[in-house]
Amino acid sequence: MAGRLGFVFFLARITLGFVFVYASVDKIFNPSDFARVIYAYKILPAGWVGLVALELPWVELAIGLLLLVGRLVWSSALIAAALLLGFSGAIGYNLARGFNFQCGCFSTARDAQAVGLMTLVRDLALLVPVFLLLVGGLRRGLSRPADADRPPRS
Amino acid sequence: MAEEPLNKITIRAFLVRQVLIALLMIIAASAAGVAMNQVRPDRFDPFVDWRAVEVEAGYRRLPEGVLGVKFEEMVQLYRRSDVWLADTRPADFYSLGHIPGAKSVPLSEAEKVLPALLEKMPRAQLVVVYCEGSACPDSFRLARLMTARGLRRVAVYLGGIEEWESRGMPIVRVTGG
């Protein structure tokens, strides 16, 4: 039983890690395209767009790599939760007000996917492995604080 | 299960530690992003007003034969009776606020309404189209449809309603109904 649960945690961690690393690469190489996408969301003030476009992909890359190698997992999962909730909120808000906008989730190319309800569902679905890692890590971290930063195994 | 009973202090200490680590991670990663920007050949000012960047970029993307109109020019043009102004956004947005004198020509209905509109319009009529702002492509598309139908002086106001409003210019709302 413990082994099976450990495998679930492992899978959650690797999946999330891969998704975040993959999501960060195109944005890191094309920050001005990413800024254009963020600007088109019409949520952030125009003066913040450039800074966020430069920083956000590196945060994604950092937590993605840390999740993949299994270091600082709980903190990474916490940031992942905040990011995914933020993205979902931004997408949901723009869908609600009838915007036709580009996601910028995995690609900043102009012809990349337009956002639909499925984008929102995907973002929310990614919260499931995040939640698993947070709960698993919290239980483990509280019983053995020294191990809190290691990936949960049981 | 040999777990000790968890008390609030343990939970708080755990959470505080993890949140602090998370904040440090965000700061370090953000710093890396800003630092990398400095060594990029296409670096940009992190604090630049992105609306201005987009408006400038819009001029470089203008379809062939379509002119670009800057804010200062727009301020002059919208008062002139010989300029035909078109709002390409959906009708609901037009009702919420448009530039005085603008007619509603939603892009989705353009193919349907353009023939009748252009029938009465001289080919040399100056037409200015706009949409939400620099990030929306609708004004480009309508401008292209109009030039394809023979209009010779079609222009796009790239700042759109967003720039117009943010500069404190008057807008007209459609009330009642």
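A few remarks follow.
- Condition met for B:Ala143 (among the small types (Gly, Ala, Ser) and part of a strand (DSSP E or B)): no
- Flag if A:Leu120 is part of a helix (DSSP H, G or I) and crowded, with 20+ Cβ neighbours inside 10 Å: no
- One residue from A:Ala46, A:Ala62, A:Ala82, A:Ala53 being facing chain B (nearest Cβ under 9 Å) and in contact with a Lys or Arg (Cβ under 7 Å, 6 or more places away or on another chain): A:Ala46
- In region B:53-92, the residues that are at pLDDT below 90, among the hydrophobic types (A, V, I, L, M, F, W, C) and either touching a Phe, Trp or Tyr at 6+ places or on another chain (Cβ under 9 Å) or under 13 Å from B:Gly160 (Cβ atoms) (or both): B:Val53, B:Val55, B:Leu62
- Selection of region B:101-117 for residues being in contact with a helix residue (DSSP H, G or I) (Cβ under 7 Å, 6 or more places away or on another chain) and either surrounded by fewer than 19 Cβ atoms within 10 Å (Cβ to Cβ) or assigned to a helix (DSSP H, G or I) (or both) yields B:Ser104, B:Leu107, B:Ala110, B:Leu114.
- Just one of the listed residues (B:Val66, B:Val83, B:Val105, B:Val53) is in contact (Cβ under 8 Å) with a residue 60 or more places away in the chain and among the hydrophobic types (A, V, I, L, M, F, W, C), and it is B:Val66.
- Figure legend. Inter-residue proximity from region A:32-57: first residues closer than 16 Å to A:Leu83 by Cβ, second residues of a type in the set (Phe, Trp, Tyr) and surrounded by 20 or more Cβ atoms within 10 Å (Cβ to Cβ), beta-carbon distance below 6 Å, spacing 6+ or different chains. Indicated pairs: A:Ala53/A:Phe34.
- Positions within region B:31-81 being surrounded by 13 or more Cβ atoms within 10 Å (Cβ to Cβ), more than 8 Å from chain A (Cβ to nearest Cβ), of a type outside the set (Lys, Arg) and in a loop (DSSP other than H, G, I, E, B), in sequence order: B:Leu62, B:Pro63, B:Gly65, B:Tyr78
The values are calculated or read from the model by the stated rules, or taken from the named source; none is laboratory data. On a predicted model such as this, the values are computed, not experimentally measured, just so you know. Because the Cβ atoms are built from the backbone with ideal geometry, glycine has one as well, and the counts that use them run over all protein chains shown.
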